[in-house]
Structures are given as C-alpha cells and as structure tokens.
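Remarks on the structure that follows.
The values are calculated or read from the model by the stated rules, or taken from the named source; none is laboratory data. Model, not experiment: these values are computed from the prediction. In this analysis, Cβ positions are derived from the backbone assuming ideal geometry, glycine residues included, and neighbour counts consider all displayed protein chains.
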Amino acid sequence: MSKLKMTLLENSKSFFIESVSKAVQAETSEEHWKFAILLLVQAIETCLKERLRCTQDVLIYSNIDKPKHTVDLWLAISRLEKISKIEFDASDISSIKTASELRNQIVHFEFNLSIDQIKSNFVTLVGFYSEFCQKHLEEDIIAELPSRLGQEVMNLDKYVDELEQRAKHRIESEGITPENVWQCSACKKDSFVIEDGIDTCYVCGYYEPTVECENCNESELESEIQEVDFGNMKGLENWKSFCRGCYEKLETDNPYEEYY
C-alpha cells in the first residue's frame, strides 16, 4: 500500500505553495481567498512546530508527558521564546495574532472581510512566514516557489504598497494630524483615521467607531472599551466606559469610590 509521508517542514512548504496558488486563483474568483488564508495560517503554525522540533522533538506536543496533540500557535510561540530563546518583536506578534484571528473568523463564525483587507493581511503574513523560515530554519521559501507563483506574490505586494501610498497621500491632502492616525486592527497598516469621527482605515476601508474613556478622556476602539456598572445604593445601573489601560488599573487598584 502506498503512503504519503512528509516532514513538518515539507508539510509547511506544501501548505504555503498551495496558499499562494489559491491567492492567484482568487484574483479572478474571490471565494478562493478563504482557502488562501487558511492554508497560509496552517503553513505558519507548521513552521513554528518545525522550529520547536529542532530544539527537541517532544516540544511539539501540548502535553509532553502524554504526546498526542500538538501545540497551537500561542503555545508554540511561548515555548519558542522560553525554551528555544527566539525573540519575537511586536510586528511578529501582531502577524501571529492576525493569523489566529483570521482563521477563527473563517472557521468558526460568519465572516465579512473586504478584499483589500484580505490582500493586505495575506501579504503581511507571507512576509512573516518567509522571514521566519529564512532566519530560523535557513530556508528561502520565496525562492522555492514556482516562478509564476513567485511573481504573483510580488504583484500582491505591489498592490498593497499602492494602497498604502494612496492612503498616505489622502491623509496628507486632508491635513490629518499624525496623532489621529492609528494602526488598523484589520490590516495592521498605519492608516486608521480617527479625526472628526472618520474612524476608517484608508488602506482597507475597515470601519469601527471610537469611544472616549470616561476616566482619562482618551479615545479607544469600541471593541476595546470595557463597560463597568458601578450601580448605586438604590440598585440602579450606572455604566461607565473605560479604555483598556484604565480598566486594568481599576481591576488592580479597585478605587470604585472615585467613580460614584
């Protein structure tokens, strides 16, 4: 009986090549983007496991005493940092978080992502994947792509660059102040404009309202705002909105009397 056998690295490369192939197909048939993202996230997770295996085989299992199920993205990162002594910078962690969130949206929930947003995320994740493989596995992944696919990846990269340049020009022409331009939580580009309640990314078009913290008066994305009910002696509700920083301080210091 014939068998299909692949190492973790070979499996990762296979996922990646198929992911790029789906991205190429998605240029004419957009539903392929779903598979392009899923396959790319799988390629990333598998290459992280391969780097763990290079440290010690058993580390790829979530329970090293009962080696059955392998680690997920975040446990892989934790072990790579603590045991393999690999340093991940903020952009790396942001890329991995993006990968995890995208997969969860596609697999577990209804999802509604703009094509610009998907392309931007795809290019960012390809960048992380190729850099990690080159730096920590000594593999030039892009060079191993069939020539046509390699060119298509470059075309996608140029597309996102064009979106960024257009966004930058629009921000400048509208006189948006730098402090009112945040990193977009969807595409991870520094193009989310909060000035005058715009609350929109000029690269991928992502929109999310911002809310003012009732403690420090700083703005925060609506999804990051924490609502706390302080109530009163009559049992009436008294909800207040806090940014993440003030909420964490509230949880630590518990100064409820200041907010009544």
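Is there any pair with a first residue in segment 198-211 that is farther than 19 Å from GLN226 by Cα and surrounded by fewer than 18 Cβ atoms within 10 Å (Cβ to Cβ) and a second that is at pLDDT 90 or above and small (Gly, Ala, Ser) whose Cβ atoms are under 8 Å apart and which are 6 or more apart or on different chains, and what are they?
Every condition considered, no pair remains.
Here is a list of conditions, (1) surrounded by 15 or more Cβ atoms within 10 Å (Cβ to Cβ); (2) in contact (Cβ under 8 Å) with a residue 12 or more places away in the chain, and ILE83 meets all of them except one; can you say which number that is?
(1)
Give the number of residues within segment 52-65 that are of a type in the set (S, T, N, Q) and either in contact (Cβ under 8 Å) with a residue 40 or more places away in the chain or not in a loop (DSSP other than H, G, I, E, B) (or both).
Residues that pass the stated criteria total 1.
Out of LYS49, LYS97, LYS68, report the one residue that is free of Cβ contacts under 8 Å to residues at least 24 places away in the same chain, more than 22 Å from LYS189 (Cα to Cα) and of a type outside the set (S, T, N, Q).
The conditions single out LYS68.
Are there any pairs, at least 6 apart or on different chains, whose C-beta atoms fall under 7 Å, with the first in segment 159-186 and under 10 Å from CYS201 (Cα atoms) and the second in a helix (DSSP H, G or I) and modelled with pLDDT under 95, and if so, which?
That search, which allows pairs on different chains as well, returns VAL181/ILE171; ALA186/GLN117.
Keeping to segment 163-182, report how many residues are surrounded by 13 or more Cβ atoms within 10 Å (Cβ to Cβ) and closer than 25 Å to GLY127 by Cα.
Final tally of qualifying residues: 7.
Quick one: GLY150 ticks every box in (1) under 30 Å from GLY245 (Cβ atoms); (2) among the small types (Gly, Ala, Ser); (3) in a helix (DSSP H, G or I) except a single one, so which number is it?
Among (1) under 30 Å from GLY245 (Cβ atoms); (2) among the small types (Gly, Ala, Ser); (3) in a helix (DSSP H, G or I), GLY150 violates only (1).
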